[in-house]
1. In the set Q78, Q90, which member is closer than 30 Å to R148 by Cα, touching a Ser or Thr at 6+ places or on another chain (Cβ under 6 Å) and either modelled with pLDDT of 90 or more or among the acidic types (D, E) (or both)?
2. Quick one: V42 ticks every box in (1) at pLDDT below 85; (2) closer than 19 Å to Q90 by Cα except a single one, so which number is it?
3. Give the number of residues within segment 126-169 that are of a type outside the set (A, V, I, L, M), open to solvent by 60 Å² or more (accessible area, probe 1.4 Å), out of contact with any helix residue (DSSP H, G or I) (no Cβ under 7 Å at 6 or more places or on another chain) and outside any helix (DSSP H, G or I).
4. If you scan segment 71-90, which residues turn out to be open to solvent by 20 Å² or more (accessible area, probe 1.4 Å) and either assigned to a helix (DSSP H, G or I) or touching a residue at least 12 places away in the same chain (Cβ under 8 Å) (or both)?
Amino acid sequence: MPTVYDFVSPFDLKNCKSRLARRTEKTSLMASKYARRTQVDVWDINKYTVGFKVYKAPRSSLTLNMSWFSLQVTGKLQHRPDGGTVVVYQVGQNLMGKILEGVGAVGLGIVAVLILHNQVYDSFLSLQAMAVFVIVTAVSVGFTTIYRQFTRSELISTVRKSLGDLDEM
């Protein structure tokens, strides 16, 4: 179960909606298709509530976005009678992306064992083969975790800075 975060923005609902929508980075036809940009989607739920989603998308507008691996911050902005706005959000990732990341890490470990098979050891069940598998898989999972944490903090920072959360700035 993902952790739900919340804070009260000093801005009214209309101002929060426009400030958040302005955080979308522009697309370019000449940009690299591998570069990532921050994309913000904002929509009205009812008169007093607005939904939003912040995620990383390909920089080029010609490529399709496969969001299996991307983290996204989804949440709601809700009007308060005192003129502020309650911001409630959570960070999530598609379950299929988590499964594919794990399969990719194990696959990378298996490929490393196969590449070094004739040079380092004679059997796939030898201690050296198992050590290579564990080390390569652990390093792959570690890099994936670090990248995911960096992206997560960047997306949360986008929401907090644009909506005026002064506690975390």
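1. Of the residues listed, the single one that is closer than 30 Å to R148 by Cα, touching a Ser or Thr at 6+ places or on another chain (Cβ under 6 Å) and either modelled with pLDDT of 90 or more or among the acidic types (D, E) (or both) is Q78.
2. Failing condition for V42: (1).
3. So the answer is 1.
4. Of everything in segment 71-90, those that are open to solvent by 20 Å² or more (accessible area, probe 1.4 Å) and either assigned to a helix (DSSP H, G or I) or touching a residue at least 12 places away in the same chain (Cβ under 8 Å) (or both) turn out to be Q72, T74, K76, Q78, H79, R80, G83, V86, V88, Q90.
The values are calculated or read from the model by the stated rules, or taken from the named source; none is laboratory data. A quick note: this is a predicted structure, and the numbers were derived from the prediction, not measured. All Cβ positions, glycine included, derive from the backbone under ideal geometry; neighbour counts span all protein chains shown. The protein model used for the area step is the full one, side chains on, heavy atoms only, and it has no ligands, DNA or RNA in it. Shrake-Rupley method; radii C 1.70, N 1.55, O 1.52, S 1.80 Å.
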